[in-house]
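Scroll down for the structure; my scribbles are underneath it.
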Amino acid sequence: MYHLRGVVLPSGEERDVWISGGRITFEPVEGARTLDGAFVVPGLVDAHCHPGIGPDGATTLDEACAQAIRDRDAGTLLIRDCGLPIDVRPLQARDDLPRIIRSGRHLALPKRYLPGYAIELEHPDDLPAAVAAQAADGDGWVKLVGDWIDRSVGDLAPLWPEDVLAEAIRVAHEAGARVTAHVFGEAALPGLIEAGIDCLEHGTGLSSEQLAELARRNVALVPTLINIDNFPAIADTAVRYPTYAAHMRALHAGVTDMVGAAVDAGVAVYAGSDAGGMVEHGRLVDEIEALHKAGMTREQALASASWAARDWLGVGSITEGASADLLVFDEDPREDLSVLRTPRHVVLRGALID
């Protein structure tokens, strides 16, 4: 049992918070231990994270556990996995690890995504049935690969016909699942948006008109800026595909302006590190700071990785009866985002992690 008194975000109200039985209450709890700290923040959310993917592809479950611990110790207490080649349900059963919302396996076509990551369908028409299976097996999300390099044309290209996309997303929605898609370039975006996609990952090719449409349709964007920083290095290795290489450099050059325009257009933008593979785990604060540099206020950037992301994913923040997943700081992270790197306390499911 614990007792906190501080400024509670997002309301900014100074109040007392008690933790009992792993839950938050605003009613006094006799015998609770008082924890120091001045600002109480809902646990951070990494909306695009891969505990179970490493630089060489799929990891072991033990390695995935170590990745999740690294994220947790950096303040991430909720992860949307956004596609994994291994089953991390055993990690979900552990009270000492961040909560994980599983999106199942990536869905792609042969040779149209990173090898070993995705379920590779034999034909595009197989997508609706595959989406139905992933929706039944996941935690309310399905992950599509919307575009990838097509070596026959030497550039990014869509994977799915627009009518197949529309049917697949309809199937997911009927099953109560939301659909997100990896998409770098421009060509796949009209089909994904018109088909009713719920979220876009990366979205580097989005135009101002499409951003307005995302806002109108309430489609979320998770830009993964610290992973987009790898685009120039990817382009440098693509010597056989100069058009693709130039395209990736151009997308990288324009991504900061795109995210700023998304914020201005009212698009719901959330923080995702894309940890796993080319990005190390535990770097969510780097993404929060990158979103601020791209045009979000400090408070917006923090919200995108805390209370706003929790609302979007249907997980409680600091409210009566909610799970006690929170961070305690000595200083106000709304004034200085670097404060997020040094929490005084990390509390997960009511347990003091530090």
> Any idea how many residues of segment 9-32 are open to solvent by 10 Å² or more (accessible area, probe 1.4 Å) and in a strand (DSSP E or B)?
Replying inline: 8
>> Can you report the number of residues in segment 167-219 which are of a type in the set (S, T, N, Q), over 23 Å from residue 118 (Cβ atoms) and buried (at least 20 other Cβ atoms within 10 Å of the Cβ)?
In response: 1
> Can you tell me which residues in segment 318-329 are assigned to a loop (DSSP other than H, G, I, E, B) and either aliphatic (A, V, I, L, M) or over 22 Å from residue 71 (Cβ atoms) (or both)?
Replying inline: 318, 319, 320, 321, 322, 324
>> Suppose we filter segment 75-85 for residues that are touching a Leu at 6+ places or on another chain (Cβ under 6 Å) and either on the phi > 0 side of the Ramachandran plot or open to solvent by 30 Å² or more (accessible area, probe 1.4 Å) (or both); how many remain?
In response: 1
> Looking at (1) surrounded by fewer than 24 Cβ atoms within 10 Å (Cβ to Cβ); (2) touching a residue at least 12 places away in the same chain (Cβ under 8 Å), which is the only condition residue 253 fails?
Replying inline: (2)
> For the subset of segment 276-290 comprising residues that are more than 9 Å from residue 226 (Cβ to Cβ), out of contact with any Gly (no Cβ under 8 Å at 6 or more places or on another chain) and not in a helix (DSSP H, G or I), which member is least open to solvent (accessible area, probe 1.4 Å)?
Replying inline: 281
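The values are calculated or read from the model by the stated rules, or taken from the named source; none is laboratory data. For clarity, every value in this text was computed on a predicted model and none was experimentally measured. Positions of Cβ are generated from backbone atoms using ideal geometry, with glycine treated the same way; all protein chains shown enter the neighbour counts. These accessible areas exclude ligands, DNA and RNA; they are computed on the full protein's heavy atoms, side chains included. Shrake-Rupley method; radii C 1.70, N 1.55, O 1.52, S 1.80 Å.
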